[in-house]
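Each remark here refers to the structure printed beneath this line.
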Amino acid sequence: LENLFSLKTKKFDRVMPVSLKEGSPNLIVLPSHEVLPAVLSLYLDKTHPLPGQDEVLMCTETTSAEEIELMWLRTIGDVRDNRQGKIYCLANAHLLKYAACQKLEQCHLQFQSSPHAYRLVVICSEANQDQSHTINILQAYRRQYSIMHSAQNIDEYLKAKFSEHSDDEGAWLADKDR
């Protein structure tokens, strides 16, 4: 049990891109084909593991308000409990339905005055952005973000991570060629 706990509590400090701000949500609006590369670009660091399932929520039309609230609680709790270092990301947040967007706004208002320097990035597609509740809610936190890595760099990074046979990382288990 101690070994499992130590794997879960492994501390590392991801570097927040300079164009993004800690302590507030960061809304990034990009062409739809750049959403996934932007997500991966946030985590591209050879010294850190791939993002965990607790760090990235790939939103769909069925993403619930509860899932949104849990992501906010992880984001705030990570910093509050002095486990900072992770970057939390809601990807494809433009797909959220109204109830999930209401929860996003409610949590934002609740944690707006938080003294903690949390790290939350919300990535949306620019397609139909005028109809997106998420973009309307977070418009004041819209940031410019250019993908910092080429498709080739991202591909090489993923190949390297998926070929690692480390007991504590486990990314190699998802590699179909292994």
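So, by mean Cβ neighbours within 10 angstrom, what's the order for 147-157, 29-39 with the highest one leading? Can you show the working numbers first?
Details: 147-157: 14.2, 29-39: 16.8.
Order by mean packing, descending: 29-39, 147-157.
With protein chains left intact and a 1.4 Å probe, residues in segment 18-102 average 46 Å² of accessible area per residue. Once the C-beta distance of LYS97 and ALA117 is scaled by a Förster radius of 25 Å, the resulting FRET efficiency is 0.25 to the nearest 0.05.
For segment 110-167, which whole-number percentage of the solvent-accessible area (1.4 Å probe, protein heavy atoms only) is attributable to carbon and sulfur atoms? Don't jump to the answer; show the numbers that get you there.
Values: 1580 of 3440 Å².
Ligands and nucleic acids excluded, carbon and sulfur reach 46 percent.
What segment 105-170 shows is 59 Å² of accessible area per residue, with the surface traced by a 1.4 Å probe over protein heavy atoms. Each Cα pair under 8 Å and six or more residues apart adds its separation to the average, and for segment 18-147 the resulting relative contact order is 45 percent.
The values are calculated or read from the model by the stated rules, or taken from the named source; none is laboratory data. Just so we're clear, the structure is a prediction, and the values are computed from it rather than from any experiment. For neighbour counting, all protein chains shown are included, and Cβ atoms are generated from backbone atoms with ideal geometry for every residue, glycine included. What goes into the accessible areas is simple: the full protein's heavy atoms, side chains included, and nothing from ligands, DNA or RNA. Shrake-Rupley method; radii C 1.70, N 1.55, O 1.52, S 1.80 Å.
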